[in-house]
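The values are calculated or read from the model by the stated rules, or taken from the named source; none is laboratory data. Please read these numbers as outputs of a predicted model, since none were measured by experiment. Neighbour counts run over all protein chains shown; Cβ positions are idealised from the backbone, glycine included. Keep in mind that these areas ignore ligands, DNA and RNA; they rest on the heavy atoms of the full protein, side chains included. Shrake-Rupley method; radii C 1.70, N 1.55, O 1.52, S 1.80 Å.
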Amino acid sequence: MSFNATHHATMLLDEHRLGCFRRAIVSQVKRGSNVVDVGTGTGVLSHFARLQTDQRVFALEYFSSTADIAKKVLAGRNIEVVNIASSKFSPEAELNVLVSEIIGPVGPEENVVETFYDLARRFRSIETFIPNRITMFAQPIYSQLLDKVTGKVWSAFAEVSEPGFDFTDLKAEILMAEATRISHLNLEDATLLDESKELATYHLGRTKNSSFVAEVDFTSTEANACHIYFEADLGGGVKLTSKIGDPITHWRHAYVPRPEGCHKMALAYTNASRKFSIQWR
């Protein structure tokens, strides 16, 4: 796989995310710490860690083309970029700090929970995890922008209808298909409704499996979607979240459109497939 410059540029331009990780690393990485950065990408978190410790930083990157970029930009800084899966990493040094931003658009999809658990099990010397906890939430919302987006989706089918090729009777089925997957937009216009629902809490390094099943009730008739977001506790009093109303990040805002007449959403995540499934009633 070739180096995806656009993807990494988007993450490097996410000033809020980088600022949160920088503050967390500054507050917790000490002189003498041996640090491992999993999924280092272009190496920016390894760079932050190296500024705090006089020991080696191990920057792990699975994709060889990305690892090559990181090796060049981090050259001469006592940072060892290793093109390897974290499950196969076995350094001679005693590791003290694990840092990583393998957080998916919704939370667990990049195997952050399983990766932290595996490394914590194999390297008992790790005392500091950045982040140390990720909690997932769901909350009903109303967004005028989403009404427009849903309207455009249906219009594409309605406007193409002609004798012998008509989607009119399939409207509910087509819109339900949109309501069984998680989408992402900047929804800064949205109003948060009802109470937030905690879906899952992962204590990184201790939680073994990220799979979960949860239900969300809609009491507000105004809600036209369910907002799915995470809060990552990076330690040192620093929290990073993808919630509407907090600073926007490259993850944007995750949501599921609410179908007309439905009042309960069942959401499940399976770590083996790294997929979400959604059902409405």
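Tabulated values for the structure
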quantity	calculated
Antiparallel DSSP beta bridges within the chain, percent to nearest 5	70
Fully extended contour minus Cα-Cα distance, from residue 51 to residue 144, at 0.36 nm per residue	29.0 nm
Within the stretch 4-27: backbone nitrogen closer than 18 Å to the residue 68 label point (7 Å, Cα to C-beta)	4-9
The chain, accessible area per residue, ligands and nucleic acids excluded (1.4 Å, Å²)	50
Dipole-positive endmost among 223, 272, 244 within the stretch 209-281 (Cβ charges, Cα centre)	272
Pairwise centroid distance, computed over Cα atoms, of the stretch 159-207 with the stretch 134-158, Å	6
Share of carbon and sulfur in the accessible heavy-atom surface of the chain [1.4 Å probe, %]	49
Correct choice for Rg and Dmax of the Cα atoms in Å that was computed from the model, options (1) 19.3, 70; (2) 21.2, 75; (3) 26.5, 91	(2)
Label-point separation in nm, residue 260 to residue 168, each point 7 Å along Cα→Cβ	1.4
Inter-probe distance in nm under a simple model that places probes 7 Å from Cα toward Cβ, at residue 191 and residue 248	2.1
Net length gained if the chain between residue 152 and residue 3 were fully extended (0.36 nm per residue, minus Cα distance)	50.2 nm
Gain on full stretching of the segment that runs from residue 159 to residue 212 - 0.36 nm per residue minus C-alpha separation	15.1 nm
